[in-house]
Amino acid sequence: MEGAPVIVQPPGPDGGRRVTIRGEYVGIAYHLLDVVEFLRRAGLPEARTTVDDPELIEWRGMGPAAWTAAD
């Protein structure tokens, strides 16, 4: 079984989270709307309810509510 097509890394020192879609780096998200925009550009579902769908997005380290680096 394949993993989720979207991977969101834990927040970096500036709070940004690296995002890959299908193994390709697409950018740094600084808030949830950035992730939604990356989904839209990739032609993936963009409804707000999909951000916590583990079959679509793997949130590494912290979930979709975390946008600051851990101390």
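The values are calculated or read from the model by the stated rules, or taken from the named source; none is laboratory data. Note that the coordinates shown come from a computational prediction; the quantities given were computed from them, not determined experimentally. Neighbour counts are summed over all protein chains in view; Cβ atoms, including those assigned to glycine, are modelled from backbone coordinates with ideal geometry. To get the accessible areas, we keep the full protein, side chains included, count just its heavy atoms, and leave off ligands, DNA and RNA. Shrake-Rupley method; radii C 1.70, N 1.55, O 1.52, S 1.80 Å.
Counting only alpha carbon atoms, the long axis of helix 32-41 and the longest principal axis of the chain meet at about 30°.
If the segment from residue 69 to residue 55 were pulled out straight at 0.36 nm per residue, it would be longer than the present Cα-Cα gap by 2.6 nm. Take every pair of alpha-carbon atoms less than 8 Å apart whose residues are at least six positions apart; their mean separation over the length of the chain yields a relative contact order of 41 percent. Working note: 222 nm ellipticity from helices only, DSSP H runs with n ≥ 4, each -39,500 (n - 2.57), summed and divided by the residues of the chain, gives -4000 deg cm²/dmol to the nearest 500. Ranked by the mean number of other Cβ atoms within 10 Å of their residues, highest first, the peptides 16-22, 63-69, 29-35 fall in the order 16-22, 29-35, 63-69.
With all protein chains in place and a 1.4 Å probe, the accessible surface of the chain carries 53 percent carbon and sulfur.
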